[in-house]
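The structure appears right after this line, and notes come after that.
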Amino acid sequence: MRKFFTIIITMLAAMAEAQETFTIATLNVDGLPLNVLGRDVNPDGPGSEGSVRISEYLAKKGYDMVMMQEDFNYHEELATHLTDEYALDEWSGGVNVEDYDFTNPNFRFACDGLMAAVRTLTDFSKRTAWEDYYGRMDHAWDGMVTKGFRRYELTLAGGTEIVVYNMHMDAEDEGDDVAGDREARKGQWQQLCEEITEKLDERPIIVVGDMNSLYDRDPIRELFTDKISATGKATVGDAWVEIGEGDETLDKIMYVNPTGGTGVKPIAYECDREGYRYDGKPLGDHYPVAVTFEVVKGETGIAAIRGSEVERLKSPQVQGYHDLTGRRVTEPKKGIYINKEHKVVVY
């Protein structure tokens, strides 16, 4: 009997390890200046005062990690309430007229607007610019800044290692000829797919950002989801597709689980349209999207059990076994059991 309960304790510990959770949010903080080079760019943006309110909102929500986009001209205000609890990534600067090189017709501001606030930062971000983009003084000004993605290698509180990609893809303005914007996003999805596939290892990957993409207008599945899955090395999921409610947003939280490695699964999804407000108005032009993930090591955590063999039952003949409370099983139900030889069986 002592050995029986030793196995149970071991199993419960393994299952607890498999149920490690973390929250990650993505938010376009709408940090462009009100105007650039004499042209209105963001007249309805939060500005300095609103960026402080965004910082306060994020601090109160207490996500484990927040991946932001458009952190341009109000970085200090955005960091106001975050520095005590989070490590912040390197800020790449704002969009400032005094930095503009009028002699260079292809000039781009060096900033990408990407920022991370995380509780544990194992490695600094690796920054990569998009190879394809469209528009400069039009089409959402995508060619005026150096958009792209950042890659983070993070360790969760429970010791699980994950990789996170934060990005901002090409936008499109209503009324524009959007063909060029959509073609640029195709190239960006392809570039992201190649990056992830090349560097794939045993760690799960979270892919977040303002992707400016919708499933009914952008070939996300064709260029990213199905392409990675077709390698047989990993599977791809989208938290909104699986468990989200409400309309699809441009801001997405996706994940890549390597075959045979540690995985994650979304267990809660939120697009906070009600709380992300001040004086009845939204704090910015995007709402925060947050997902709670559960870490899954192996199928159910059983692979982590040591000192016991695991057997999978193919029929519901489980009478005579004991469940994890030590009670004898009288009716067949899906679950984990101990047989009389003190071996772990799964049905």
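Observations on the structure shown:
- Within the range 109-139, considering residues that are modelled with pLDDT of 75 or more and open to solvent by 80 Å² or more (accessible area, probe 1.4 Å), the one farthest from the chain's Cα centre (by Cα): TYR134
- Only a single item in (1) among the hydrophobic types (A, V, I, L, M, F, W, C); (2) crowded, with 19+ Cβ neighbours inside 10 Å; (3) out of contact with any strand residue (DSSP E or B) (no Cβ under 6 Å at 6 or more places or on another chain) is not met by LEU214, and it is number (2).
- Contact map, the range 273-295: residues that are open to solvent by 10 Å² or more (accessible area, probe 1.4 Å) paired with residues that are of a type in the set (Val, Ile, Thr) and part of a loop (DSSP other than H, G, I, E, B), Cβ distance under 9 Å, separation 6+ or inter-chain. Pairs shown: LEU283/VAL29; GLY284/VAL29; HIS286/VAL29; HIS286/THR249; TYR287/THR249.
- Looking only at the range 91-108, and only at residues there that are open to solvent by 80 Å² or more (accessible area, probe 1.4 Å) and part of a loop (DSSP other than H, G, I, E, B), the one that is nearest to GLY47 (Cα to Cα): TRP91
- Considering the range 27-78, the residues that are touching a helix residue (DSSP H, G or I) at 6+ places or on another chain (Cβ under 7 Å) and in a strand (DSSP E or B) include one that is modelled with the highest pLDDT, namely VAL66.
- Scan the range 244-262 for residues that are in contact with a Pro (Cβ under 6 Å, 6 or more places away or on another chain) and modelled with pLDDT of 95 or more and the total you get is 1.
- For beta carbons closer than 6 Å, sequence separation of 6+ or different chains, a first residue in the range 41-68 that is under 26 Å from ARG151 (Cα atoms) and a second that is part of a helix (DSSP H, G or I) and open to solvent by less than 20 Å² (accessible area, probe 1.4 Å), the qualifying pairs are SER51/LEU78; SER55/LEU78; VAL66/LEU58.
- Residue within the range 229-249 that is β-branched (Val, Ile, Thr), open to solvent by less than 30 Å² (accessible area, probe 1.4 Å) and either at positive phi or not in a strand (DSSP E or B) (or both) present: yes
- Any hit, the range 2-20, residues being at pLDDT 80 or above and either touching a His at 6+ places or on another chain (Cβ under 8 Å) or surrounded by 16 or more Cβ atoms within 10 Å (Cβ to Cβ) (or both): yes
The values are calculated or read from the model by the stated rules, or taken from the named source; none is laboratory data. As the structure is a prediction and not an experimental result, all values here were calculated from the model. No Cβ is skipped: glycine too gets one built from the backbone with ideal geometry, and neighbour counts run over all protein chains shown. Side chains are part of the model used for accessible areas, which takes the heavy atoms of the whole protein and leaves out ligands, DNA and RNA. Shrake-Rupley method; radii C 1.70, N 1.55, O 1.52, S 1.80 Å.
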